[in-house]
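Right, one structure below, let's go through it.
The values are calculated or read from the model by the stated rules, or taken from the named source; none is laboratory data. Here the structure is a predicted model, which is why all the values come from computation and not from measurement. Quick reminder, even Gly has a Cβ in these numbers, built from the backbone with ideal geometry, and neighbours come from all protein chains shown.
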Amino acid sequence: IPLQLGWKRESSKKRLNYHRDIYYRAPCCKRMRNLSEVSKYLTLTNCKNVCIDMFCFQSNISCRNNTTKSKPNLLRIEDISNGKELCPVVCVNEISTDRPPPVIYINDRIKAEDVSINTDPGFLVCCDCTDNCQDKTTCRCARLTIESSNAIDGEIDKNSGYHFRRLKECIATGIYECNQNCSCSRVTCYNRVVQNGIQLRLQVFLTENRGWGLRCIDDIPKGTFVCTYAGQVLNEQTANKEGIDFGDEYLAELDHIEVVEQAKDGYESDIPELSSQSDYLSDEWQSDSSYSIVMISSDTDQSDHNESQPDIRNKEIRCENNNETKTDMKNVCEDSKKMTATKVTEVRQVAKKSTGAKAHAYMSHRGKFFMTQRLDAAAGNNTHKYCDRLSTRHLYQNDNQMFILDAKSYGNVGRYMNHSCSPNLFVQNVMVDTHDLRFPWVAFFTLFNIPAYTELTWDYNYEVGSVPNKHLSCKCGSKQCKGRLL
């Protein structure tokens, strides 16, 4: 787009290492050498017709693609989105004249009648930035992304989030974009990417042995947003029923919560077993004083004065009746065990893709929480007991089930992307119209630079053997191919 508006993309002579330096020259002939200079220029000139992610300074990325496929098109549909995407999505068939299966095209998720998603803007964090949210330390939405990055290992990553509207790596804890309450511009804001829709030229095509696929027409730089996975949000019972009746090939779990909790487990996996420490006993509860649930961290030894101080991870549950308290805490443990065991040993009725950041999360092992009984200071004696970790979904009480995206009848271009054991895209969960962790937007970004006319793929993260009597071979053709999906 900048080249069509009078900008020029120039390159220097080759160096000894065969590297070319790329420069951009604005219509006023001012030359810029990097994205920082372009960003400064766009801010000073208040330019609205181009965005920062339209510029690329990598010499191996071509902005004028003249490559054409040698095979003739036996079928060509100019736009299968019917004008719902900013960029037309072309569909071609070089093998036969068959058309893609009929589908109602949507560019955003929709929910089933029995699914409730709170999209009230009054529950969203908003910012009042005037610099297009370039400074992450002052943008409240960007700070929410940064502050949530410590949920896994307790350390805040100040670089979390977009960098000039590109994503360098997957953020397992999710990204919080600016929303309708924010004062920033939707077009030029540096923290609005996924909500702006598809900005690339994409093409649906028929592969030789894997059905319909999706490829890019132009070169794509690393970290560029490609598209979302849109579909109908179903509850788990409905998804299982429809998967059995009509097929499960387009079902994808919204398992953002589970993936982050498994990443926490991996972080805590190097903590010594409580049984090896003399301070931790498995005796019965011996007092009617307050109880608390504490997450195991690297600092397992805490002093009494630290325990008395308020902490986010230390929620006290008090009850006047000792027997009633014991019963309540026991029920919490038993419910949590059932939830955890169900996730580990679950035998699925249908196959479901995972939309969590499993491939980029920490090594996951089953973690533990421990319950601590704190006695009065005069008693000077503590007893402890194991309790399986209570899932975050348990906080939603009666609506704590996992939800599923079904793109079979309603979907966008994301439904056409095939699996690969060596994918060139990664999944990123993004909070846009709600901050409810159960309902993130599922977005795809490039793992590395992708040449034009390359098929776009992602890792389905199917669990082999999870669906009884179902075998699905992998035909991705990569060197790391596992040979089987289910």
Study note, to complete from the structure: Of (1) closer than 18 Å to residue 414 by Cα; (2) surrounded by fewer than 21 Cβ atoms within 10 Å (Cβ to Cβ); (3) within 16 Å of the chain's Cα centre (by Cα), residue 217 satisfies every one except (3)
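State which residue is surrounded by the fewest Cβ atoms within 10 Å (Cβ to Cβ) when the search covers only the stretch 146-169 and only residues that are hydrophobic (A, V, I, L, M, F, W, C) and modelled with pLDDT of 95 or more. Give the derivation first.
Let us first name the residues in the stretch 146-169 that are hydrophobic (A, V, I, L, M, F, W, C), namely 146, 151-152, 156, 164, 167.
This time we only want the ones that are modelled with pLDDT of 95 or more, so: 146, 164, 167.
Values: 146: 20, 164: 16, 167: 23.
Restricting to residues being hydrophobic (A, V, I, L, M, F, W, C) and modelled with pLDDT of 95 or more, the top hit is 164.
Select the strands (runs of 3 or more DSSP E) contained entirely in the stretch 1-99, then report the ones holding at least 3 residues which are free of Cβ contacts under 8 Å to residues at least 24 places away in the same chain. Spell out how you get there, then give the answer.
Details: elements: 8-11, 22-25, 75-77, 90-93.
Once the strands (runs of 3 or more DSSP E) in the stretch 1-99 are filtered for at least 3 residues that are free of Cβ contacts under 8 Å to residues at least 24 places away in the same chain, nothing remains.
Residues 81, 116, 62: which one is surrounded by 15 or more Cβ atoms within 10 Å (Cβ to Cβ), within 27 Å of the chain's Cα centre (by Cα) and small (Gly, Ala, Ser)?
Details: 116 fails: surrounded by 15 or more Cβ atoms within 10 Å (Cβ to Cβ); 62 fails: within 27 Å of the chain's Cα centre (by Cα).
After ruling out the rest, the residue left standing is 81.
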Revision key, fill the gap. For residue 393, the lone unmet condition from (1) touching a strand residue (DSSP E or B) at 6+ places or on another chain (Cβ under 8 Å); (2) of a type outside the set (S, T, N, Q); (3) not assigned by the TED database to the domain that holds residue 258 is (1)
Practice item. Filter the stretch 246-274 down to residues that are crowded, with 22+ Cβ neighbours inside 10 Å and among the small types (Gly, Ala, Ser) and give me whichever is modelled with the highest pLDDT. Key: 252
Exercise for review: Tell me, yes or no, whether the stretch 45-55 has at least one residue that is within 18 Å of residue 163 (Cβ to Cβ), basic (Lys, Arg), surrounded by fewer than 16 Cβ atoms within 10 Å (Cβ to Cβ) and within 32 Å of the chain's Cα centre (by Cα).
Suggested key: no
Check your understanding: Any idea which residue in the stretch 127-145 is farthest from the chain's Cα centre (by Cα), counting only those that are surrounded by 17 or more Cβ atoms within 10 Å (Cβ to Cβ) and assigned to a loop (DSSP other than H, G, I, E, B)?
Key -> 129
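Of these, 157, 153, which one is under 23 Å from residue 255 (Cα atoms), part of a loop (DSSP other than H, G, I, E, B) and free of Cβ contacts under 8 Å to residues at least 40 places away in the same chain?
Values: 153 fails: free of Cβ contacts under 8 Å to residues at least 40 places away in the same chain.
Of the residues listed, the single one that is under 23 Å from residue 255 (Cα atoms), part of a loop (DSSP other than H, G, I, E, B) and free of Cβ contacts under 8 Å to residues at least 40 places away in the same chain is 157.
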